[in-house]
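What follows draws every value from the coordinates through simple rules; no lab data is involved. Keep in mind it's a predicted model, so treat the numbers as computed, not measured. Cβ: placed from backbone, ideal geometry, glycine included. Neighbour counts: every protein chain shown.
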Amino acid sequence: MRYVAQRLAQFVVVFVVVTFIVLASTRIGSTDPVQDLAGGQVDEARRAQVLEDYPYLDKPLPIQYGYWITDLVKGDWGYSYYQSQSVMDMFKQRAPATFFIVFWSIVMGLLIALPVGVYSAYRRDRLFDRASSVTTFGFISMPSLVVSVALLYLVAARYDMFPTVGGSDYVAPWDNPYEHFKNFFLPSLAIGIGIGGVWSRLLRADMALTLQSDFVTLAKAKGLSPGRILWIHALRASILSLITSVALQLGSLISGAIIAEQFFGPRGLGDRLVFAIQQNDLLTLQAIGVVIVAVVVVANLAVDLMYAVVDPRIRAARALS
Amino acid sequence: MSTTLTADDATRAAAPEPVTEKRTRRRRIPGVGVVLGATWLLALIVLAFTADYLPFIRLYDRPVRGAAAAAFGPGNDFWFGSDSLGRDVFARCIYGAKTSLTISVASILVGTIVGGTLGVIAGYYRGWVDRVISIFTDALLALPAIIIASLLVGRFDVLAASDADFLGFGFSWLTRTWSVTIVFSLLSIAPVARIVRAQTLSISQREYVLAARSLGAGTRRVLVREIVPNVVPALTAVIFTGIAILLAAEGGLAFLGYSVPDPPSWGSLIADSREQIEEAWWMTIFPCVMLFLTVLSFNLVGDRVARRFDIREAAL
């Protein structure tokens, strides 16, 4: 219990520090946040309106942070004068596409990692293991930019089926599964390949250790089928660090999705983010930053707590390292 | 995977195997891959940093006379083809290597020095020092690297263009090369600190450290003579993997439009020529291949170092 409380406290501190960093970095080189928020040409009426809506903008940073985070928690995410749209509406419109790219790339990564990792651990040092080890090393070393270019050139440009830049909009999978597949297959694959390589190697290493442990020998002696031993008993014992890695990689997956969606279409948070950076659209930037940070931090916390619940030995080891 | 700074994962993915006799023997001889990788890196570094003096490398920003009308495919005149302005893609790739490598190597060195120091301090002193440093590194690790990097580089551009000054210095020196390097250095502190801290924790409990201390060695001596030398191998592996990760991250940053445009880094080359990929594939594919091979080589060398020193034991 003490451990949980400690983790929670640390979680709050980290969250505050990170969101403050996000807020502070939008203010670098900016002398007048009111003008940044009002957008482009400063027209006195609009300036006055911005000041009225966000009266805290000329206060020192920590105070601004206080006001902003209170608004955020209350559900008032602010208004983007550039987009003439509230930030919350922007999220409702754009976030699903980014979410699905991340989701499908995790699925894609696991579809690669589970069979490859398990089978190559089972057949350690045989042909399949050697081949998959070389291949996954290649996958790991392929920057997602390079994978995206390759997919763009080899697949998207040749087959009309798949959309390229800006050629598609978000379609919910329950509305039209086929369209959804078309729009999301390539971006998820572009991210999934790299992450699948990392996860296969991770799983293979853990699995190889598990397969040497006594309970596996016992299971074999009892006459359980190899499939059952591998996929049920051994996999359950070795999957913990894979789950951790899924959680730890979430941040980079979201970043990857934001890049990939600009290659292959489904317009998500990405182009809004790029635009917001160019215009220094404060509230949009801050909101996108905070959401991603929140996802990452919560995922990390969940993993830590899960460890604490699942295995007290690991808890002790992690507390040490 | 590639877009972010998770050297942690990369070293963990390079897992050691339970040692069998055959394996120990094989471990002493570097594999073909590592040798090829190291050769590629050496060749690339030599080419990139002597490019100004080599006769067969053209200027990256000047069209070759008589070739400005169209993009030519790869051939005898242009090894990697030419772009639509008549510039030599091979030369641009080599100068791109210079930009990309300078940025990643410089950043990882800063990250290693700062992060390494923090890690050793946190791991050795523990207690509240450790807790403060850990919160700092956790916070840095929670930042979405590419996004925060593009935001910061964008803001630094504004800062450089403004006439703001700090302690009497302007910010006009803050070119893209500098800002990308600064941002990448900041982002590489935390992963390094985390790994070094874990190493230090495990090393400081070894018998030789206890022995040194009971012989009366002071804190500084223990740190400098016992701990740091034993952290260095792990650090070497982290440096190589880190460079690979930063090279990839630079690609992502370039794609969002926030990397070094002149001389263009590999990422910028790829991002800028991507739209012409159907008419002139060589403009995009060659930088991609260079980037891939280089990342692969750094990973191979890093993996080799990690295996050599059996680093995994303390990585998590």
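Here the peptides A:102-112, A:140-150, B:221-231, B:260-270 are ranked by packing, the mean other Cβ count within 10 Å, and the order with the highest first is A:140-150, B:260-270, A:102-112, B:221-231.
Neighbouring Cβ atoms from other chains, within 10 Å of the Cβ of residues in B:261-272, number 1 on average. Straight-line reach from residue A:74: which lysines fall under 24 Å, measuring Cα to Cα and dropping same-chain residues less than 8 apart? Leaving aside lysines fewer than 8 places away in the same chain, those within reach of residue A:74 are A:59, A:92.
Label positions at residue A:99 and residue A:8, each projected 7 Å from the Cα along the C-beta direction, are separated by 2.6 nm.
With just the Cα atoms defining each centre, how far is segment B:158-213 from segment A:134-204? Give it in Å. Segment B:158-213 and segment A:134-204 have Cα centres spaced 34 Å from each other. Summary of packing: across the peptides A:47-54, A:265-272, the per-residue average of other C-beta atoms within 10 Å ranks them, highest first, as A:265-272, A:47-54. By definition, a body whose alpha carbon gyration tensor gives a ≥ b ≥ c is rounded when a/c is under 1.5, and the protein assembly as shown falls into this rounded group. For the protein assembly as shown, the mean residue ellipticity at 222 nm estimated from helices alone is -23000 deg cm²/dmol, where every DSSP H run of n ≥ 4 contributes -39500 (n - 2.57) and the total is divided by all residues, rounded to the nearest 500. Classify chain A as rounded, prolate or oblate, taking a ≥ b ≥ c as the square roots of the eigenvalues of its Cα gyration tensor: rounded when a/c is under 1.5, otherwise prolate if a/b is larger than b/c and oblate if not. Note, shape of chain A comes out oblate. Bridgeable aspartates and glutamates around residue A:182 (alpha carbons under 16 Å apart, same-chain partners fewer than 8 residues away excluded): A:160, A:169, A:261. Whole Å is fine, so just give me how far the alpha carbon centre of segment A:1-73 lies from that of segment A:252-285. What the calculation gives is 20 Å, centre to centre. Per residue of peptide A:184-195, the mean number of Cβ atoms on other chains within 10 Å of the residue Cβ is 1. Between residue B:32 and residue B:117, the distance separating the two model label sites (each 7 Å from Cα on the Cα→Cβ line) works out to 4.6 nm.
Using θ = phi - 60° in the Karplus curve 6.51 cos²θ - 1.76 cosθ + 1.60, the 3J(HN,Hα) couplings for segment A:84-101 round to 6, 7, 6, 4, 4, 5, 4, 4, 4, 7, 9, 4, x, 4, 4, 4, 5, 4 Hz; x is entered for Gly and Pro.
Show which lysines lie in cross-link reach of residue A:220 when reach means a straight Cα distance below 30 angstrom and same-chain residues fewer than eight apart are skipped. Within reach: B:22.
Given the options A:62, A:96, A:33, state which has the largest fluctuation in a GNM of chain A using a 10 Å cut-off (strictly under) for Cα springs. Looking only at A:62, A:96, A:33, the largest GNM fluctuation is found for A:62. Taking amide H as placed 1.01 Å from N in the peptide plane, residue A:80 has its amide H under 5 Å from the amide H of A:85, A:86, A:87, each at least 5 places away in sequence or on another chain. Peptide A:288-298 is shielded by partner chain Cβ atoms: per residue, an average of 3 of them sit within 10 Å of its Cβ. Pairs of alpha carbons in segment A:92-271 separated by more than 19 Å make up 60% of all such pairs. Restriction of the chymotrypsin sites (Phe, Trp or Tyr not before Pro) in segment B:125-232 to DSSP coil positions whose beta-carbon has at most 11 other beta-carbons within 10 angstrom yields B:173.
For A:261, A:44, B:275, the sequence from fewest to most other C-beta atoms within 10 Å is A:44, B:275, A:261.
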